[in-house]
Structures are given as structure tokens and as C-alpha cells.
Amino acid sequence: MSFLLLGLLSLPVQATDAPSSLGAHVFVGQPEGLGANPATTPAVATQGAGSVFIAFNAGYADNTATPTDNYRNRWKPLDGGQTYAGYGGAFMVRPYVLVGGQGGPAHSVSIAKDGHPSGELSLSFVEVIHANRVVAVARNYASAADTVSSDTIDVDGPATLLAFWWGDGGVKRMDVAPDDGFQVIDTFTRLPDESGVQGVVAWKQVEHAGRYRVRWHVTPEQGAALWLIAIR
């Protein structure tokens, strides 16, 4: 499954000469059977205004609640999400976006776990500062391999790219590294004994218009739900 979406979400903000760039980010992985409800990220300091925020909920498909945060922002689905292969539809990854919301000190995001309160869940929260729109999104599901590739996106100028890898292998220890100039910012690839939902987040700043993708090198090989998002 894949798609490309341009001009997805935008909101007028005060003009600034500063380019978009990576802001605060955090990742929490809850183990199977020991997860708290709600799942809540550690607090991070975000900008008061002028940011785009991305959050992912990876875990049981029946934990369907939209994220909330302690600044009372209204999050929206970024797309329809992706069901994991091989688990009978029991697990899913869902992305959410917040454009033009309020941030500040001790900013945290929560997801209420209405289906499996103690189940495994991974929650990623990433800020892109000096930004007011998502300009492109690609989502695809890669079959098991030791190198998997996202779909491509086209951008018409400078942008901040965020890449997300959500592996589907039934393993608890793995090595995952992006290529194509992306740098890892958060990783959950050493899972607890109870198991969890593996994920890796990476980013890249691009200065020119072009077509971009990210390849992931994975040991042991496994399939993955992949996102590549351009924000400016």
C-alpha cells in the first residue's frame, strides 16, 4: 500500500526567515502486558507557536483513541494508518498531525488505550519548528528483506524530512539503520522480554527541490510499515 499527498495540511502563520528544522522529539515503548493507560510520553520543551507536530500510535488496532496533549491541542489523522501483516489485523500503526498548535515547557502527548489497556504500544512524538505545513507524505509496506525502501516524495524547495520505520518481525533484538543521508533521532529496537512494538525515527534536512526516499538496512530481515514526510 502506498500513496503520495502534496499540500496536505497548511495553516497561515507569521512570516519568518528561519527555515524549518527538527525540534523536540521523544519515543516511548510500552511492553506487552505491562503498559500503562494512557500511554504518555516524557515531557519535552517545544516552541510556543510556529511548529508542526507528528505523533504515531503503533500497537493494538483496537486502541483507536486520537492523541491528546497537555496544551489541549486538537490532533488530526495524517492518513488512514497501516495494518501490520501477519497478525490477523490485530496490530496497526496510525499517524497524527498537529499544525499551528500551542507548545511550551513540559509538553507531553498521551493516547488512551481503549482496547488493550495493558498491551504493548509505541508512541513517537516529533516537532518540526518554523513550519506551517506538511507538503508531502509517502506510506508503503515493505516485504521482509535486509534492505527496505520507502516510496519517493517530491518537494519543490527546502524542507525537513521525517522517516519512520515500524518493523513487523517477531524478534526482540535488531539493528536498523537508515541510508540516503538520514540520521536516527529515536530508536526502540531492543525490546523488553515481554515484547513491544519496534520503531525507528530519522530525519534529514534538504535545501533544494528534488525527489527523495530513504532506505533502511535491517538485521535480521523483516517487513515494515514505512512513512516519509516532508514539512516546511
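A short reminder: the numbers here are calculations on the coordinates, not readings from a lab. Keep in mind that this is a model prediction, so the values were computed, not measured. Every residue, glycine as well, gets a Cβ built from its backbone with ideal geometry; the counts of neighbours run over all protein chains shown.
So here's what we get for this one:
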| read-out | value |
| --- | --- |
| Label point distance in nm, Ala106-Thr219, each placed 7 Å from Cα along Cα→Cβ | 4.3 nm |
| Sites Tyr71 and Gln205, calculated FRET efficiency, Cβ-Cβ separation with R0 25 Å, nearest 0.05 | 0.45 |
| Within region 120-167: Cβ-based charge dipole about Cα centre, in debye rounded to nearest 20 (Lys, Arg +1; Asp, Glu -1) | 120 debye |
| Sorted peptide list for 175-181, 111-117, 165-171, 224-230, criterion being average Cβ within 10 angstrom, highest first | 224-230, 165-171, 111-117, 175-181 |
| Sequence-distant lysines (8 or more away, or on other chains) whose Cα lies within less than 26 Å of Lys76 | Lys113, Lys204 |
| Packing-based order for 150-162, 62-74, using average beta carbon neighbours within 10 Å, highest first | 150-162, 62-74 |
| Viscosity 0.692 mPa s, temperature 37 °C, Stokes-Einstein D of region 150-232 from Kirkwood C-alpha radius, µm²/s | 247 µm²/s |
| Calculated FRET value between Asp179 and Leu34, using beta carbons and R₀ = 35 Å, to 0.05 | 0.55 |
| Overall form of region 59-181 per C-alpha gyration tensor (a/c, 1.5; a/b vs b/c) | oblate |
| Among [x] 11.1; [y] 16.8; [z] 14.0, the entry that matches mean projected area of the Cα convex hull in nm² as calculated here | [x] |
